[in-house]
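I have placed the structure first, in the form of structure tokens, so that the comments after it can refer back to it.
The values are calculated or read from the model by the stated rules, or taken from the named source; none is laboratory data. Predicted model, so just to flag it, every value in this text is computed and none were measured. So basically every Cβ, Gly included, is an ideal-geometry build from the backbone, and we count neighbours across all protein chains shown.
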């Protein structure tokens with residue numbers, strides 16, 4: 001009877017230790033995958049921030065390059081039903097700078113800079 005009990009205890013301890021090692025191995029792999037994903041997200045966020053900084057710097061340089069007395073103030077947008085004439089679209093304002101093309105949410109269309 002004692003040998004049977006001892007055998008069952010050894011079997012339970014062996015199964016418990018094998019289960020612990022298998023779960024440790026499994027979750028170690030899952031944690032490594034999550035860490036890799038978080039590293040990729042951090043790198044992507046850093047690239048987006050750098051891209052935004054470059055775009056802001058470029059826009060500030062363009063604004064600084066304009067002559068100080070010829071700044072064009074933005075006028076409220078007027079919706080028209082008909083499409084504008086081709087000559088109307090390509091005319092430059094008096095200061096010589098092309099108007100900024102705005103996207104649907106009021107921001108300039110994002111372009112990747114190298």
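Sort through 66, 54 and tell me the only one that's under 30 Å from the mean Cα position of the chain (by Cα) and within 25 Å of residue 113 (Cα to Cα). Give the steps one after another, and end with the answer.
Numbers: 66 fails: under 30 Å from the mean Cα position of the chain (by Cα).
Going through 66, 54 in turn, the sole match is 54.
The combined condition, being surrounded by 10 or more Cβ atoms within 10 Å (Cβ to Cβ), outside any helix (DSSP H, G or I) and at pLDDT below 95, is not fulfilled by residue 78.
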